Each structure stands twice: as C-alpha cells, then as structure tokens.
C-alpha cells in the first residue's frame, strides 16, 4: 500500500491556490501499480456476493470496470447530468460553490441487487453519497464504497459512514 502512495502525483495549487491535487493517472500508468490497486480495492469484496460495481465518472469508470472484471460482476456508470442515453434518475449534491447532479439509468439495478461504489478519491463525500442515494432509490443495496485515496480532513468518509455506507480506501493524504 505504501508503495502505491508514491505512484500518486501531487500537484500544488491545482485547480486553485491552496489545493494539493492528488493525481491518480500516474498510478494508472504504472502496470504493476494499477494491477495492485485493483487487487487491493477488490480484495475486501472477493468473497461477498456483489451483483455490480457502480463507477462514478470519470476515474471511477477506469477503476470500476477493472474491479467489476476482477469480481466477476457487471458495471454500472454513474454520470454527470445529461450524459446517459436512456431514462435516468438524478440526485443533486453540494459543491463548494453551488450544486451538481449525477444520474443513473432507471433500470440499472434490479430490486435487492448488491452494489459496490468505486471512485478514485473521497473528499467531502458529496458525490459518493449522491451515488448511494441513487442506488438505494432504484432498489439496490449499497455494499460499500471503495476509493484509492481518502482526504480525511475533508470528512467525506465519515459522512458516508454516518449515512450507513461502509468505506474502504487504499491510502490517505493529509491536507486537501
């Protein structure tokens, strides 16, 4: 796990001054690092009955597809508003300045299916909580949410756990 942390590039003052952006594309580019990250994300769920992995746009698609393959289950995209081609259900969530919306196909989950949420990073938890709300609203059970990176100072993991979503992260970075 600590070796993987060194594969994450930190970009100071992006996208604005004071932010330390944690760039996982360098981890994705390393064949052994990417393979290890997928294995570590999937491991806690290897013996669980997972019906599908829900990946949050966009880096959650990269991770989620690979984790779904590893777990032998389906993949569900959760996208920004207006990007899915079929009938959707949406959920608003808070941003630092305003709100945004994520959507899921209304028929993406059958009643009672067990869904694992995957994304690259949990910061404030707003996007992942919106994804969990969507999955529950259309009849799914959220098994948990897994991330490569947790930014604990921003409280997202705690927010998700308070909402009843079990969380797992491969690493944590202090600051934001």
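The values are calculated or read from the model by the stated rules, or taken from the named source; none is laboratory data. Every value quoted in this text rests on a predicted model; they were computed, and no experiment measured them. Neighbour counts run over all protein chains shown; Cβ positions are idealised from the backbone, glycine included.
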Take residue 77 and decide whether it is at negative phi, at pLDDT 95 or above, under 19 Å from the mean Cα position of the chain (by Cα) and part of a strand (DSSP E or B). yes
Looking at segment 54-76 only, could you name the residues that are touching a helix residue (DSSP H, G or I) at 6+ places or on another chain (Cβ under 7 Å), surrounded by fewer than 24 Cβ atoms within 10 Å (Cβ to Cβ) and closer than 19 Å to residue 32 by Cβ? 62, 66, 70
Looking at segment 10-23, can you tell me whether even one residue there is in contact with a helix residue (DSSP H, G or I) (Cβ under 9 Å, 6 or more places away or on another chain) and either free of Cβ contacts under 8 Å to residues at least 40 places away in the same chain or under 25 Å from residue 131 (Cα atoms) (or both)? no
Quick one: which of 143, 160, 116 is over 14 Å from residue 22 (Cα atoms), modelled with pLDDT of 95 or more, part of a helix (DSSP H, G or I) and within 14 Å of the chain's Cα centre (by Cα)? 160
Considering segment 39-70, residues that are out of contact with any strand residue (DSSP E or B) (no Cβ under 7 Å at 6 or more places or on another chain) and assigned to a helix (DSSP H, G or I), and then whichever is nearest to residue 101 (Cα to Cα), we arrive at 62
